[in-house]
1. Can you give the Kirkwood hydrodynamic radius for segment 148-301, in Å, rounded to one decimal and based on Cα pairs?
2. By how many nm would the segment from ASP390 to ILE248 lengthen if fully extended, with 0.36 nm per residue of separation less the alpha-carbon distance?
3. Note down the accessible area of TRP305, probe 1.4 Å, to the nearest 10 Å².
4. Classify segment 250-302 as rounded, prolate or oblate from the Cα gyration tensor: take a ≥ b ≥ c as the square roots of its eigenvalues, call it rounded if a/c is under 1.5, otherwise prolate when a/b beats b/c and oblate if not.
5. With +1 on the Cβ of every Lys and Arg and -1 on the Cβ of every Asp and Glu, and nothing else charged, how large is the dipole of segment 350-399 about its Cα centre, in debye rounded to the nearest 20?
6. Check every DSSP H run in the chain and write down those whose alpha carbon atoms cover 30 angstrom or more along the long axis and whose mean Kyte-Doolittle hydropathy is -1.0 or greater.
7. Any idea what diffusion coefficient the chain gets from Stokes-Einstein, in µm²/s, Kirkwood Rh on alpha carbon pairs, 20 °C, 1.002 mPa s?
8. Sort segment 357-399 into rounded, prolate or oblate with this rule: let a ≥ b ≥ c be the square roots of the eigenvalues of the Cα gyration tensor; rounded if a/c is under 1.5, and if a/c is not under 1.5, prolate when a/b is larger than b/c, oblate otherwise.
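The values are calculated or read from the model by the stated rules, or taken from the named source; none is laboratory data. Because the structure is a prediction, the values reported are computed rather than measured. Counting neighbours? That spans all protein chains shown, and the Cβs are built from the backbone with ideal geometry, glycine included. Ligands, DNA and RNA are stripped out before the accessible areas are found, and what is left, the full protein with its side chains, is counted by its heavy atoms. Shrake-Rupley method; radii C 1.70, N 1.55, O 1.52, S 1.80 Å.
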Amino acid sequence: MANIQNEAGAPPPEGSVPLSVPVLGGNEWTYVKECLDTNWISSAGPFVEKFERIVAERLGVRHAVATVNGTSALHLALHIAGVGTGDEVVIPALTFIATANAVRYTGAVPAILDVEANYWQLDTDRLAEFLQEECGVFDGVLRNRTSGRRVAAIMPVHVLGHPCDMDKILHLAEQYGLPIIEDAAEGLGTLYKGRAVGTFGLMAALSFNGNKIISCGGGGMLVTDNDVLAKRARYFSTQAKDDDRAYIHKAVGFNYRLTNIQAAIGVAQMEQLDHHLDAKRQIAAVYLDGLRDIPGLSFMKEADWAKNTWWLSTILVDPDRFGMNNMDLLRQLQKDNIQSRPLWQPMHQSPSQKGAYVHRIEQADRIHVQALSLPSSVDMDRVSQQRVIDCIRSSAKSF
Ligand SMILES: *Cc1c(COP(=O)(O)O)cnc(C)c1O
């Protein structure tokens, strides 16, 4: 696997079609130069504030706190939501490992639930079933009956840029008195019923890693409407400093703040967000058009209440009908210098998540063994995309 996938954001080899690389098409250079010229290079500075304000305004939330990456934003959100040792946090089986790892950093353990078949997001029927049948209230505390752990939060993930069914999740969260922390790392620009994801939960985390919708090299953001939580997020992300002069710290904090240089790139990238989103949608439309008649290939569906960003256009490969499985197709593409990628090993299969609670998983495994993400860089030209489509078409047994 080592040679099929670049480090996130590493420049692709000449002549190859990369999976998803950053596109620095605007004021990045100018803004970074401004940081260097003014000596504002570290974790305070005008671009940090500006980046936070632009993202908050775009989403329609009151507060945004920039962090070193999306994983730290998730950890911070869980920490200030009071999640800790002995707790359990609901996550979907189909996500990047950072979701589960952030839960582990707090000392809590994931409760891993299935995703549904059409949109590949946290299955709200399974969520209802888990809370109703697997959990109970003991001395006023909602606990998983089997593990005995307190259920402390629900962490929906808007996987690949399609939103979760938030109304149903909000309804269940309210019914059981649980906070929602959205993992919106892949969901910048994603809409649920016209409203930005990341604005539904108590808090949400965004990521600006190299392969995300926009990138500042590495970076993340915690967003929330809650004034108190925003203040606590700032406090805990800067070593929980209680006194500037005497360096008094009453709690254990983290060093999670973003630097002004990265924020400068982030500001320039936000100026191009709409362009990036249009490009991703177009790429998905071209794949759909070019591949939909091939037996054995299918796409994630887009719900009528959803606006997917198509962060990574991803197909399902049915080996019987297509003639080869997803990994064989990956190797075919690789021969033609085209990068593709299977989805992440589902969380309940990950050795790193041993001891997690697992509730009835079917779809996540089925999707995982069939899925293949196709090149989806914002600046991919039509010729390269046609090369990908041609390679897939010529690999299909019925063509
Ligand atoms: C990228 C990603 C993260 C982590 O973001 P980083 O900025 O890489 O730390 C978390 N969750 C999901 C679903 C992601 O895709």
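1. Details: mean 1/r = 0.0555 Å⁻¹.
Result for segment 148-301, one decimal place: 18.0 Å.
2. Working: separation 142, 0.36 × 142 = 51.12 nm, distance 6.27 nm.
44.9 nm is the gain from fully extending ASP390 to ILE248.
3. Roughly 60 Å² of TRP305 is accessible to a 1.4 Å probe.
4. Values: a/c = 5.42, a/b = 2.19, b/c = 2.47.
Judged from the Cα gyration tensor, segment 250-302 comes out oblate (a/c at least 1.5, b/c at or above a/b).
5. Values: 7 positive and 5 negative charges, 37 e Å.
Charge dipole, segment 350-399, about its Cα centre: 180 debye, nearest 20.
6. Working: long enough: none.
Going by DSSP H runs, there are no hits.
7. On the way: Rh = 21.7 Å.
Stokes-Einstein gives a translational diffusion coefficient of 99 µm²/s.
8. Working: a/c = 6.96, a/b = 1.84, b/c = 3.79.
Verdict is oblate for segment 357-399.
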